[in-house]
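Below you'll find the structure, written out as structure tokens, and then a few comments.
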Amino acid sequence: MSKIRRIGVYTSGGDAPGMNAAIRSVVRTAIYNDIKVTGIFRGYEGMIEGDFTELVSRSVSSIIQQGGTILKSARCPEFRTPEGRKKAYENIRYAGIDALVAIGGDGTFTGAELLSNEYDVPVMCIPGTIDNDLYGTDYTLGFDTANNTVIEAIDKIKDTAASHNRLFFVEVMGRDSGCIALNAGVSGGAEAILLPEKETAIDELIAMLKTAKARNKTSTIVIVAEGNKNGGVYNVAKRVKERFDFYDTKVSILGHLQRGGSPSSFDRVLATRMGYFAVNELIKGTPSATVGVRGTQMVTTSLEEALRSKELKLDEELITIAEVMNV
Ligand code: F6P
């Protein structure tokens, strides 16, 4: 086991609340263990361009409560090429970086796997995405905060829906993952939830809305994940309205406000645990992996397993519970 003297840390892909808390934890855990830290700006793009900075303990003061990422983020097509990765590796070596901590989603992890397979640099990956769609962890950084943001919005929309007897279609993020939609649907008391992972025909949706109306509900909320199988939220609303026009129908798209904001207490603690755990795994000599939380335990999962396992992340029981709550 060779001693690690310098760790490089970067964020890549979509930003998520809690990324800064994770950077802070990586920096401070490394410094505590006499390891220096280089911050790499704009993920793989900055790695290729050598856009680096020295991070000391005070560089990460008062960032635990900030959303976004102080290291910036980017998507980088050049890193998909061997030439791009070679440039990145040369910059890493030139900066004296022995190991990396990557914070991001599956695109970030894919880049980490390519780099660590081709070059002898271990990469510990921290799952950071509001989508909660990564294998090897019960929760990703930002998911809890995004849910709290969505719930605040839905509660407000419900006030108007109830006052005017309106039907609201609320679109939440999740191109491929229905985790936010399902959680928002349950905690916001929605009448129906359209998920990317599950087909709900428009006929079925209309039947649900008719049942809700027959049960004298005063407000009706349909949560639509952006990647649901019926197309965009305006299209869904239009198709329903054509055949069921009892309510005045409105559409709200929550969009990128779900990605921003100060991380919740849960996300701050999770980020701090993950950063601490990631650095300690590198010190122990664990080969490239993702870190995660399973129950109350921190665990690692090999990148191979994390990227190739096709586990359905949606909680089927929660889907059933959401239906039962509509009685
Ligand atoms: O961070 C994940 C995610 O929120 C997806 O749910 C969404 O489809 C995507 O990011 C949009 O990201 P961008 O605006 O960066 O393309």
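The values are calculated or read from the model by the stated rules, or taken from the named source; none is laboratory data. Note that the coordinates shown come from a computational prediction; the quantities given were computed from them, not determined experimentally. When we count neighbours, we look across all protein chains shown, and the Cβ atoms used for this are built from the backbone with ideal geometry, even at glycine. Just the protein is used for accessible areas: all its heavy atoms, side chains included, with ligands, DNA and RNA removed. Shrake-Rupley method; radii C 1.70, N 1.55, O 1.52, S 1.80 Å.
When Phe41 is tested against (1) open to solvent by 40 Å² or more (accessible area, probe 1.4 Å); (2) aromatic (Phe, Trp, Tyr); (3) within 16 Å of the ligand (Cβ to nearest atom), exactly one condition is not met: (3).
In summary, Val324 fulfils each of the numbered conditions (1) buried (at least 21 other Cβ atoms within 10 Å of the Cβ); (2) without any contact (Cβ under 8 Å) to a residue 40 or more places away in the chain with the single exception of condition (1). Listed conditions (1) outside any helix (DSSP H, G or I); (2) on the phi < 0 side of the Ramachandran plot; (3) more than 12 Å from the ligand (Cβ to nearest atom); (4) not hydrophobic (A, V, I, L, M, F, W, C) are all met by Ser116, apart from (1). For region 38-96, a residue qualifies if it is among the aromatic types (Phe, Trp, Tyr) and in contact with a helix residue (DSSP H, G or I) (Cβ under 8 Å, 6 or more places away or on another chain), and the qualifying residues are Tyr44, Phe52, Phe79, Tyr89.
Within the set Ala146, Ala153, Ala161, the sole residue that is within 30 Å of Lys250 (Cβ to Cβ) and in contact with a Phe, Trp or Tyr (Cβ under 7 Å, 6 or more places away or on another chain) turns out to be Ala161. Cβ separations smaller than 8 Å between residues 6+ apart or across chains give the following pairs from region 70-86 residues that are among the hydroxyl-bearing types (Ser, Thr, Tyr) to residues that are open to solvent by less than 100 Å² (accessible area, probe 1.4 Å) and assigned to a loop (DSSP other than H, G, I, E, B): Ser73/Ser12; Ser73/Gly13; Ser73/Gly14; Ser73/Asp15; Ser73/Arg42. Every condition in (1) in a loop (DSSP other than H, G, I, E, B); (2) in contact with a Lys or Arg (Cβ under 7 Å, 6 or more places away or on another chain); (3) more than 28 Å from Asn147 (Cα to Cα) is met by Asp133 except one, and the failing one is (3). Each residue in region 34-46 was checked for being within 19 Å of Gly128 (Cα to Cα) and not in a strand (DSSP E or B), and 6 of them qualify. If only residues of region 254-298 that are open to solvent by less than 40 Å² (accessible area, probe 1.4 Å) and in a strand (DSSP E or B) are counted, the one that is farthest from Ser61 (Cα to Cα) is Ala289. Selection within region 6-34: residues that are over 22 Å from Ser264 (Cβ atoms) and open to solvent by 10 Å² or more (accessible area, probe 1.4 Å). The member of this set that is farthest from the ligand (Cβ to nearest atom) is Asp34.
Yes/no matrix, rows are residues, columns are (1) away from the ligand (no atom under 16 Å from the Cβ); (2) β-branched (Val, Ile, Thr); (3) in contact (Cβ under 8 Å) with a residue 24 or more places away in the chain:
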{"position": "Glu197", "(1), (2), (3)": "no, no, yes"}
{"position": "Met208", "(1), (2), (3)": "yes, no, yes"}
{"position": "Gly231", "(1), (2), (3)": "no, no, no"}
{"position": "Phe244", "(1), (2), (3)": "yes, no, yes"}
{"position": "Arg259", "(1), (2), (3)": "no, no, yes"}
{"position": "Thr296", "(1), (2), (3)": "yes, yes, no"}
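Can you say whether Lys241 is farther than 16 Å from Thr140 by Cβ and surrounded by 13 or more Cβ atoms within 10 Å (Cβ to Cβ), as far as the supplied structure shows? Yes; evaluated as a whole, the condition is true for this residue. For region 261-279, indicate whether the set of residues that are within 16 Å of the ligand (Cβ to nearest atom) and at positive phi is non-empty. Taking every residue of region 261-279 in turn, at least one turns out to be within 16 Å of the ligand (Cβ to nearest atom) and at positive phi. Here Glu323 passes the criteria (1) modelled with pLDDT under 95; (2) of a type outside the set (Val, Ile, Thr); (3) in a loop (DSSP other than H, G, I, E, B) except the one numbered (3).
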